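The values are calculated or read from the model by the stated rules, or taken from the named source; none is laboratory data. Owing to the predicted nature of the structure, the values given are computational and were not obtained by experimental measurement. Note: ideal-geometry Cβ built from the backbone for every residue, glycine included; neighbour counts use all protein chains shown.
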Amino acid sequence: MAGRASFPTVEQAVSAVNGIMLAGIPIARIELVDAESIKKVNQFMDKSYEVKPTLFLEFHGNFAGLEQDVKFAKEIVSDFGCGDIQFETDSKARNALWEARHNLAYAFIHSAPGKKLMVTDVSVPLHELSNAILDTRRKVEQSKVEGAIVGHVGDGNYHVLFMIDLQNPEEVKEAKRLNEEIVEYALTKGGTCTGEHGVGLGKSKYQRREHGGAYEVMKTIKQALDPKGIMNPGKIFID
């Protein structure tokens with residue numbers, strides 16, 4: 001069963017996530033899409049979803065179990081100001097309900113011809129998630145770069161999408177600055193610089209800061225297993 005729930009504020013949406021997780025409801029997926037993202041989806045797909053922070057949810061189980069879980073979830077989201085919630089069990093209807101989340105990247109790309117999509121992600125402990133997303137939202141709104149927030153918020157992981165003109169040095173510089181500030185905030189709250197996108201090249205410089213003494217241990221293991229540096233060369237360990 002899939003569900004979509006909209007909220008007046010991001011803070012209320014994230015608080016509802018915490019409520020669902022703490023209640024022990026066995027939820028399979030729970031995703032956040034902020035209001036700016038919903039606006040882009042409406043334009044791209046010619047839809048009229050409420051332009052509000054929205055949670056997309058998915059539950060698995062037998063009929064009786066699902067009925068109980070959904071009833072409990074409805075009570076929880078209502079406690080956090082949810083103004084509209086919709087559930088679907090039919091596979092076609094479930095796919096239609098999730099389409100806003102699945103088409104988000106395309107919506108942003110088509111909204112800004114000539115610009116490129118830059119995506120970053122971090123993870124924080126669940127009890128820090130609400131403040132982290134609010135802090136990120138403020139940073140984006142105060143910048144000159146267009147951006148939005150989405151995330152697999154059930155495990156504290158969220159993504160920030162930026163649309164930037166690669167030919168504009170100021171936009172590129174601003175996006176990089178925002179990325180660094182988002183990462184630094186996550187690290188100060190006991191989080192990690194990347195939730196699922198991997199370290200690669202872009203997040204290499206944060207590894208020593210995040211892992212402390214364990215960084216040297218990992219480097220030693222890498223050297224022992226790959227003395228010639230031929231496995232994924234030039235990534236993760238850059239010093």
Exercise for the section: Assess whether Ala186 counts as being within 27 Å of Ala5 (Cα to Cα), touching a helix residue (DSSP H, G or I) at 6+ places or on another chain (Cβ under 8 Å), among the small types (Gly, Ala, Ser) and in contact (Cβ under 8 Å) with a residue 60 or more places away in the chain. Expected result: yes
Fill in the blank from the handout: In the range 1-54, residues that are in contact (Cβ under 8 Å) with a residue 60 or more places away in the chain, part of a strand (DSSP E or B) and among the hydrophobic types (A, V, I, L, M, F, W, C) total 6
Exercise for the section: Quick one: in the range 72-98, of everything that is outside any loop (DSSP other than H, G, I, E, B) and of a type in the set (S, T, N, Q), which residue is surrounded by the fewest Cβ atoms within 10 Å (Cβ to Cβ)? Expected result: Ser91
Problem - Subset of the range 111-145 that is more than 17 Å from Thr188 (Cβ to Cβ) and without any contact (Cβ under 8 Å) to a residue 40 or more places away in the chain - its residue that is nearest to the chain's Cα centre (by Cα) - result: Val140
Practice task
Mind telling me which of the residues Gly191, Gly200 ends up being buried (at least 20 other Cβ atoms within 10 Å of the Cβ) and in contact (Cβ under 8 Å) with a residue 12 or more places away in the chain?
Solution key: Gly191
Practice task
Scan Ile133, Ile149 and give me the residue that is over 16 Å from Lys40 (Cα atoms) and either crowded, with 23+ Cβ neighbours inside 10 Å or touching a His at 6+ places or on another chain (Cβ under 7 Å) (or both).
Solution key: Ile133
Exercise for the section: Tell me, yes or no, whether the range 97-112 has at least one residue that is within 23 Å of Asn18 (Cα to Cα) and hydroxyl-bearing (Ser, Thr, Tyr). Expected result: no
Handout entry: Flag for Ala148 being without any contact (Cβ under 8 Å) to a residue 60 or more places away in the chain and assigned by TED's automatic domain parsing to the domain that holds His197
Key = no
Problem - Given (1) assigned by TED's automatic domain parsing to the domain that holds Gly200; (2) polar (S, T, N, Q); (3) over 15 Å from Val14 (Cβ atoms), number of the condition Ser130 does not satisfy - result: (3)
Practice task
Please verify whether the range 60-68 includes one or more residues that are assigned to a helix (DSSP H, G or I), at pLDDT 90 or above and over 25 Å from Glu210 (Cβ atoms).
Solution key: yes
